[in-house]
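> The structure's right below; bear with me while I get my questions together.
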Amino acid sequence: MTDASASSPSADAADTEITAIEDRMSVTAHALELEDGPLVYTAHAGTTVLREEKPGEKKTGNGTPGEGYERASAYAEVFSVSYIASGRGQQRPVVFAFNGGPGASTVWLHLGLFGPRRVDSGDAGALTPQPAGLLENRETLLREADLVMVDAMTTGFSRPAPGTAPDRLHGFAEDRDLIAAFVVDWLTRHERWLSPLYLAGESYGTTRAAAVAARLTDRYYVVPRGIALISPVLDFGTVFFTPGNDAPFLHYLPTYAAIAHAHGKHEGRMLQDVVDEAEAFAEQEYPQLLAQGLRLGAEERRAAAETIASLIGVSPDWVERVDLRVEHQAFLAELLRDQGLVTGRIDGRFTAPAGDPISKEMETDPSIDQLAPAYTAAINHYLRGELEFSSDVVYEIMSARVHPWSYKDFENRSVEVATDLSRVLRKSPTTRLFVAHGYHDAATPFHASEHVLAHLDVPRETYEQRIQVEDYEAGHMMYCHEPSRLALSEDLARFVRGEG
């Protein structure tokens with residue numbers, strides 16, 4: 001008779017191999033020369049293995065079955081770069097930062113804004129020839145707080161642990177729980193439980209930041225001191241063009257007007273005046289016009305088309321043909337069509353030659369096409385050459401491998417984190433928000449964010465006293481515009497210091 005357990009050694013060995021993977025971390029010493037003296041810090045670059053307890057069965061003291069947990073097993077290897085200033089103590093603020101996508105690594109915030117080194121990318125119309133180099137970032141947020149730049153799953157060098165299916169970690173809830181677990185793990189490993197905690201996200205990273213803040217608060221009783229939302233998207237229903245949903249047409253209009261201004265369509269006028277006029281129209285007349293649908297008379301329709309056209313720099317005939325409803329990729333293809341150009345989505349100040357002069361939509365995004373190569377070269381050089389960390393997998397700058405991304409928690413309703421954000425602000429009387437918008441951002445329009453923030457389920461005094469909103473004359477990654485980078489860096493420093 002053969003014992004069924006005879007086959008178990010090989011299974012146990014395989015399990016041991018899977019759970020035995022360890023952190024891979026490179027620690028290097030650096031100094032950044034500032035006006036008030038050197039900022040000395042260490043950089044910790046590498047992958048952290050996250051483990052979880054799985055429900056299982058264990059034996060009680062007398063040998064009978066009992067409910068319990070199996071030993072913790074690895075499920076993810078999360079790549080991050082932590083910057084820790086020397087001699088500043090264990091109660092210094094810590095900022096955890098991440099980009100979005102889903103599928104974007106955190107190279108953008110890392111080398112564009114927060115880190116002690118930044119990419120020399122240039123800006124719209126004045127790009128640095130590739131490959132671009134790195135500059136000292138004397139405005140780094142490391143002056144005020146230690147930094148943890150985190151790459152979400154399957155971006156950067158982050159990967160599922162061996163034996164874990166990738167889709168197990170690709171989704172709203174899965175991503176939220178992973179990042180929250182990483183934050184708790186980091187605080188424990190670095191003995192930083194008494195440090196004020198800040199979360200900072202860009203784009204879908206703001207969706208993530210709000211969700212992670214709620215997860216930390218609800219599950220772990222870890223309350224962020226502050227949440228920085230850069231180019232936020234908090235309710236997808238305000239920005240996703242879907243049949244029967246007029247909200248995005250309203251919220252995008254002020255962004256279209258700002259981009260038109262950037263390309264000389266409002267000659268002699270100040271940007272703020274153009275934006276104010278477009279916002280007033282989007283909030284007052286425009287909703288009533290769209291609500292009428294086929295009941296809108298021909299003369300009213302023409303007058304509306306002329307008003308919209310004058311605001312966003314296109315022809316009234318085209319506005320009429322699109323039924324007064326201007327979709328963003330159609331607008332970006334139309335605005336400079338007479339010049340044979342398409343306009344950037346991430347940053348509407350960027351342009352490129354149109355491949356198809358009669359295309360209904362932009363075929364590619366000039367702003368990403370022109371900026372991404374600089375960031376790609378810089379991060380690959382920086383990690384290997386200066387931080388001394390390498391991997392046998394590709395550093396995924398922008399990856400489609402995270403798709404399909406699961407939003408199963410939002411079946412039959414819009415994906416939104418305004419509920420999460422509201423709950424955190426209600427639960428914690430000390431948590432503050434900092435919100436940064438780029439006027440020329442056609443990916444996450446500023447007016448949509450303003451609308452969601454104004455409708456948070458919080459007391460008026462919370463909205464007025466604990467939410468700071470700043471606007472910049474650039475796009476989604478406003479830090480590629482030098483005046484905006486300097487202003488945003490100072491605004492974030494003041495936010496972490498508790499000023500403003």
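> Which residues, taken from segment 471-487, are farther than 17 Å from Gly100 by Cβ and in contact (Cβ under 8 Å) with a residue 24 or more places away in the chain?
Listed by number, the residues that qualify are Asp471, Tyr472, Glu473, Ala474, His481, Glu482, Ser484, Arg485, Leu486.
> In segment 413-458, which residues are among the acidic types (Asp, Glu) and touching a residue at least 24 places away in the same chain (Cβ under 8 Å)?
Listed by number, the residues that qualify are Glu416, Asp420, Asp441, Asp457.
> Would a scan of segment 344-364 turn up a residue that is among the hydrophobic types (A, V, I, L, M, F, W, C), open to solvent by 30 Å² or more (accessible area, probe 1.4 Å) and part of a helix (DSSP H, G or I)?
no
> Going by the structure shown, is Asp146 open to solvent by less than 10 Å² (accessible area, probe 1.4 Å) and among the acidic types (Asp, Glu)?
yes
> Next question, about the same structure. Go through segment 140-164 residue by residue and tally those that are of a type in the set (Gly, Ala, Ser) and farther than 19 Å from Val107 by Cα.
2
> A further question follows. Would you check which residues across segment 233-281 are in a loop (DSSP other than H, G, I, E, B), among the hydrophobic types (A, V, I, L, M, F, W, C) and within 27 Å of the chain's Cα centre (by Cα) and list them?
Those that are in a loop (DSSP other than H, G, I, E, B), among the hydrophobic types (A, V, I, L, M, F, W, C) and within 27 Å of the chain's Cα centre (by Cα): Val233, Leu234, Val239, Phe240, Phe241.
> Looking only at segment 196-212, count how many residues are charged (D, E, K, R) and in contact with an Asp or Glu (Cβ under 8 Å, 6 or more places away or on another chain).
1
> Which members of segment 105-120 meet the condition of being touching a Ser or Thr at 6+ places or on another chain (Cβ under 7 Å) and either open to solvent by 10 Å² or more (accessible area, probe 1.4 Å) or among the aromatic types (Phe, Trp, Tyr) (or both)?
Hits for segment 105-120 are Phe114, Asp120.
> Identify, from the list Ser391, Ser406, the residue that is farther than 18 Å from Asp347 by Cα, touching a helix residue (DSSP H, G or I) at 6+ places or on another chain (Cβ under 8 Å) and either without any contact (Cβ under 8 Å) to a residue 40 or more places away in the chain or not aromatic (Phe, Trp, Tyr) (or both). Walk me through it before giving the result.
Numbers: Ser391 fails: touching a helix residue (DSSP H, G or I) at 6+ places or on another chain (Cβ under 8 Å).
Just one listed residue meets the conditions, Ser406.
> Would you please list the contacts, defined by Cβ atoms under 7 Å and residues six or more apart or on different chains, that run from a residue in segment 172-201 that is free of Cβ contacts under 8 Å to residues at least 60 places away in the same chain to a residue that is open to solvent by less than 10 Å² (accessible area, probe 1.4 Å)?
Close Cβ pairs satisfying both conditions: Arg176/Arg208; Arg176/Ala211; Arg176/Val212; Ala180/Val212; Ala180/Leu216; Trp193/Leu187.
> Take segment 165-223 and flag every residue that is of a type in the set (Phe, Trp, Tyr), crowded, with 22+ Cβ neighbours inside 10 Å and part of a helix (DSSP H, G or I).
Once the filter is applied, which keeps residues that are of a type in the set (Phe, Trp, Tyr), crowded, with 22+ Cβ neighbours inside 10 Å and part of a helix (DSSP H, G or I), segment 165-223 yields Phe182, Tyr204.
> Name the residues in segment 344-378 that are of a type outside the set (S, T, N, Q) and touching a Phe, Trp or Tyr at 6+ places or on another chain (Cβ under 6 Å), would you?
Gly344, Pro366
Residue-wise test of (1) touching a helix residue (DSSP H, G or I) at 6+ places or on another chain (Cβ under 8 Å); (2) aromatic (Phe, Trp, Tyr); (3) more than 23 Å from Arg92 (Cβ to Cβ).
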{"site": "Arg168", "(1), (2), (3)": "yes, no, yes"}
{"site": "Arg189", "(1), (2), (3)": "no, no, no"}
{"site": "Thr217", "(1), (2), (3)": "yes, no, no"}
{"site": "Ser231", "(1), (2), (3)": "yes, no, yes"}
{"site": "Val239", "(1), (2), (3)": "yes, no, yes"}
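> Something else: State yes or no: is Gly385 over 28 Å from the mean Cα position of the chain (by Cα), surrounded by fewer than 21 Cβ atoms within 10 Å (Cβ to Cβ) and more than 30 Å from Leu290 (Cβ to Cβ)?
no
> Leu492 is checked against (1) touching a residue at least 60 places away in the same chain (Cβ under 8 Å); (2) more than 16 Å from the chain's Cα centre (by Cα) and fails just one. What number does that condition carry?
Here Leu492 clears every test but (2).
The values are calculated or read from the model by the stated rules, or taken from the named source; none is laboratory data. Since we're looking at a predicted model, the values are computed, not measured. Neighbour counts run over all protein chains shown; Cβ positions are idealised from the backbone, glycine included. When the accessible area is computed, the model is the full protein with side chains, heavy atoms only, and any ligands, DNA or RNA have been set aside. Shrake-Rupley method; radii C 1.70, N 1.55, O 1.52, S 1.80 Å.
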